[in-house]
Amino acid sequence: MSYGFDLVRLPAVVDRNEAYKQQLEKENTVSVRNPDGVDSGSIDPVAEQLKQRLAAALTARHPTIVPYRRDYVQIAKGRGIDEAEARRLFRTVELNDQELGFQILLFDNGAGASFSFVGAPQECTRAFRVLWECLEVLESEGGLSTYDAQVDKVLDLKTDFDLVLKYACGVDRTEDPKT
């Protein structure tokens, strides 16, 4: 089972869920990422710096998170382009935690996180808590908001952990306070 989050920058409005839906509609009409994971458009130095800063903050907080290193020479050769074009097209920063079963992707205008854990509920809860801490970093340092399609809302990371944990790990902490 896999669980995913979409992190976006939302305008300061009263109804964050409505703002997210408008943002998603806008992004669907003006594609920011091609279906095969290639970033479109030119490189924005500010966005690149932010992605690197967020990646550094996440790996400093949780050293088991490892950045994926792309082989741009191989990508260029496989696509028949030069290395500079490969770097322009494939600039999403990918961070993985193999042990805890999650991945974070940092895009120019947002991020995505996915979680897939098979194991005992207590282990799943521990792994999910680490991912939740990463979401907190992305929100506090990246100015992002976390949308959860499974519960269909923009999350409040201060209050929604137990709600999301029930879906992500099958754990209802209101029934079993030991988890």
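Listed values, structure above:
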read-out	value
Residue-averaged [θ]222 nm for the chain, counting only DSSP H segments that reach four residues, each worth -39500 (n - 2.57)	-13500 deg cm²/dmol
Percent carbon-and-sulfur accessible area, the chain, ignoring ligands, DNA and RNA, probe 1.4 Å	51 percent
Inter-label distance, nm, simple model (7 Å from Cα along the C-beta direction), Ser42/Ala57	2.8 nm
Sum of side-chain charges, Phe117 neighbourhood, beta-carbon under 11 Å (Lys, Arg +1; Asp, Glu -1)	-2
Cross-link reach list, lysines versus Lys21, counting only Cα pairs under 23 Å and skipping chain neighbours closer than eight places	Lys153, Lys158
Residue-normalised accessible area of segment 88-179, given per residue in Å² at a 1.4 Å probe	45 Å²
Label-point separation, Glu123 to Ile81 (7 Å along Cα→Cβ), nm	4.0 nm
Whether segment 87-164 is rounded, prolate or oblate, judged on the alpha carbon gyration tensor where a/c under 1.5 counts as rounded	oblate
Radius, Kirkwood style, for the chain when every pair of distinct Cα atoms is counted (Å)	17.5 Å
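The values are calculated or read from the model by the stated rules, or taken from the named source; none is laboratory data. These numbers come from a predicted model, not from an experiment. Glycine gets a Cβ as well: all are built from the backbone with ideal geometry, and neighbour counts include every protein chain shown. Note: accessible area is taken over every heavy atom of the protein model, side chains too, but ligands, DNA and RNA are not part of it. Shrake-Rupley method; radii C 1.70, N 1.55, O 1.52, S 1.80 Å.
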